[in-house]
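What follows is a set of notes on a single structure, which appears directly below.
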Amino acid sequence: MDASGQPLRRDLYAPIEPYDSGFLKVSDIHTIFYEQSGNPHGHPVVFLHGGPGAGTSPGNRRFFDPEFYRIILFDQRGSGKSTPHACLEENTTWDLVADIEKLREHLDIPEWQAITFFSNYSLFFVHSSIVEKLTVTGIVLRGIFLLRKKELDWFYEGGAAAIFPDAWEPFRDFIPEDERNCFIAAYYKRLTSSDVNVQVEAAKRWTMWEMMTAHLIQNQDNVKRGEDDKFSLASCFFQAFARIESHYFVNKGFLPSDSYLLDNVEKIRHIKSFIVQGRYDACCPMMSAWDLHKAWPEADFKVVPDAGHSANEVGIAAELVAANEKLKDMMKKGQC
């Protein structure tokens, strides 16, 4: 129930257009794209997209009440409209954390009232809060991924093949047998190849594996898009997605230890937070969300019983909207 005793809204808000957009130079190499929509005088919420490398889309605005929130989206380094496209140089966890702070200062925002994180960006949320680069009063997380070896092994080294053998075999077969001891490294080698044809095929295989496993019920429109060579590499989304994601994974997120994120949860325990996880998420498996929940029981933990990984699945979208509505009501009451 909301502050007035009415049931919490759970359906997406109507599509809206930004009232402002621009580019912010964050280093000698990188410039990031950002946009603002909703209420210019509202409570500032920043949306951090997944991947890493996925970029933002207009649908991301729809998780927030545009009358209450000042909605800020941005494309992380190398992603979406940010430049240079798909660039891996000076592209680390530490750089992304610094960019969030630079954007806050650029937009003259005293503090983020809420942050919503999607997919693998859950990693960067925890990390950025741990190193105390951000001032945050509320957080919504979806699809927890802590970048531990067992998570990477599950999705990229054959674990999830037990559920999706038909999707796994084309991903596996692109790599010669003598390099199959580490698929992430093998794909990274090809996604950074000087041969554009090798890059195209590697991006296509990586794309198809991700798309065929993202939903509880396979989304055939996504699968068809993944089969398109132009969409897989030349589109802004997947060229950056495949290259940047593999870059972060081969470097283990640039974190000092496998359990670093869970080991430092104490530093963020005080922030009002919500975790939304699909029970049958094959990309970011439930074990990660469960481990985070056990380490951080103060966070509101919601498992969607009939969902996989995608935020566009009905149950996941409903819980994300509801979580943002709860934060809205708490801010109205001065509780966070």
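What follows is calculated from the coordinates using simple rules that are stated; it is not laboratory data. Being a predicted model, the structure only gives us computed values, none of them experimental. We place every Cβ from the backbone using ideal geometry, glycine too, and count neighbours over all the protein chains shown.
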Taking Rh as the Kirkwood radius computed over C-alpha pairs, what is the Stokes-Einstein D of the chain at 25 °C in a medium of viscosity 0.890 mPa s, expressed in µm² per second? 122 µm²/s
Using the 10 angstrom Cβ neighbour count as an exposure proxy, how do T137, T56 rank, fewest first? T137, T56
Alpha carbons only, please: Rg and Dmax for segment 27-121, in angstrom. 12.8, 39
DSSP beta bridges in the chain: the antiparallel percent, rounded to 5, is 35 percent
Computed label-point distance, nm, for sites W290 and K102 using a 7 Å Cα→Cβ extension: 4.0 nm
Simple spin-label estimate for S259/V314, 7 Å along Cα→Cβ, in nm, reads 4.1 nm
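Arranged from highest to lowest average of other beta-carbon atoms within 10 Å per residue, in what order do the peptides 254-266, 313-325 appear? Spell out each step's value before the answer.
Details: 254-266: 14.9, 313-325: 21.6.
Going by the mean number of other Cβ atoms within 10 Å, highest first, we get 313-325, 254-266.
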Explain nothing, just the number: relative contact order of the chain, from Cα pairs under 8 Å at least 6 residues apart, as a whole percent. 21 percent
List the lysines whose Cα sits under 30 Å from the Cα of K149, skipping any in the same chain fewer than 8 residues away. K133, K189, K204, K252, K267, K272, K294, K302
